[in-house]
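What follows is a short report on a single structure.
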Amino acid sequence: KTCFLGRGAMLGLRAWVVLVRLAASDPCPDDPSEAVVQLTNSECTCCASLEDFVQDKDLAYVLFYSPQGRLNRDIGAKFEQVAHDWRHTRISFAKIDVDRDRNMAAKWVEPGMVPTNVMYKFGRPVEVKPSDFEYIRDKYHGSAEGQKWMLSKYLQDSAEKADQRSNIFYADPLVSKKKLKKFKKKNEVAVIGFFGKETDLATRVWHEAVWTVHKRSDAEYLGVAFAEVVDNAAISEKEGATVPSVRVYLDGRLVDDDESIQGTYAPTTVWELQSLTEFIEGFLPVSDETGELDKQEL
């Protein structure tokens, strides 16, 4: 059942539909700075039809808007902010001008329901609870952070379904010492980042590096798992991890730094995308002459 809420709900964030499969965000074409794809039937660069986009992307978030009106501009600005902040997640972002592509938009929204944000996951519509709209309205007052909260709740699978997990982030969030211990024990090769704030430069470089590694090599299918501890000094201190840093664990044990290999990435100056990406890729499995995957010598 598709659910559309009334005009007063959350300053125009009134309709959330959750359809789904599982995919990586794929900026247009591969540049994450182009975070939002324009949906249209017209010939253009960096655009797609609504049906093709939804079918091609596992997790999608679409804004139906009109170029006219202050509310459309306000909601559009918040949508663009979310798309920019989360451009290195598995969520793909797109928007459709309902005035220009009225027929394409009509399947999902009525003219009086614009602007409207719609989530897609696994092709199944999921009705958002009215209480969640009230929660966002009261706590976030229509800010972009409210949209992030909603996306996290409805597009992120619970920990109880880890074997079918559709984590919206490429690195699993570790929010307790128990989860950190379990993650290290479960994964043969675990790459874990320890950071201060989500908005810190090091955290943003880490997110882009992990996104880049997945784009290049399908790391999630090669026996390497990624996780992060963000804004949790207690866990980082218990682990003895410098903040910020990225550490590699093999069979639950930290890879020691020596002359031949570096198991911890913790630059004292500027965090650089290329150097962090190369550090991570140094621990990806490689193929031997028979084509079989094997761990690099640690």
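The values are calculated or read from the model by the stated rules, or taken from the named source; none is laboratory data. Here the structure is a predicted model, which is why all the values come from computation and not from measurement. Cβ placement follows ideal geometry from the backbone for every residue including glycine, while neighbour counts extend to all protein chains displayed. Side chains included, ligands, DNA and RNA excluded: accessible areas come from the protein's heavy atoms. Shrake-Rupley method; radii C 1.70, N 1.55, O 1.52, S 1.80 Å.
Leaving ligands, DNA and RNA out of it, report the carbon-plus-sulfur percent of the accessible area of the range 181-239 at a 1.4 Å probe.
47
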Extension gain (nm, one decimal) between D138 and K178, 0.36 nm per residue minus Cα-Cα: 11.2 nm
Contour minus Cα-Cα distance for W149 and V270 (0.36 nm per residue): 40.5 nm
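Can you order the peptides 96-109, 39-52, 67-80 by their average number of other Cβ atoms within 10 Å per residue, highest first? Please report the intermediate quantities before stating the final value.
Working: 96-109: 17.1, 39-52: 13.5, 67-80: 15.4.
The most tightly packed comes first, giving 96-109, 67-80, 39-52.
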The range 39-151 - percent of accessible surface contributed by carbon and sulfur, probe 1.4 Å: 47
Sequence-distant lysines (8 or more away, or on other chains) whose Cα lies within less than 25 Å of K185: K161, K177, K238, K295
Label point distance in nm, K197-C44, each placed 7 Å from Cα along Cα→Cβ: 3.5
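Between their Cα atoms, which of K148/K181; K78/K178; K78/K181; K121/K179 are more than 30 Å away from each other?
With Cα atoms farther than 30 Å apart: K78/K178; K78/K181.
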Highest-first arrangement of 176-188, 83-95, where packing means the average Cβ count within 10 Å: 83-95, 176-188
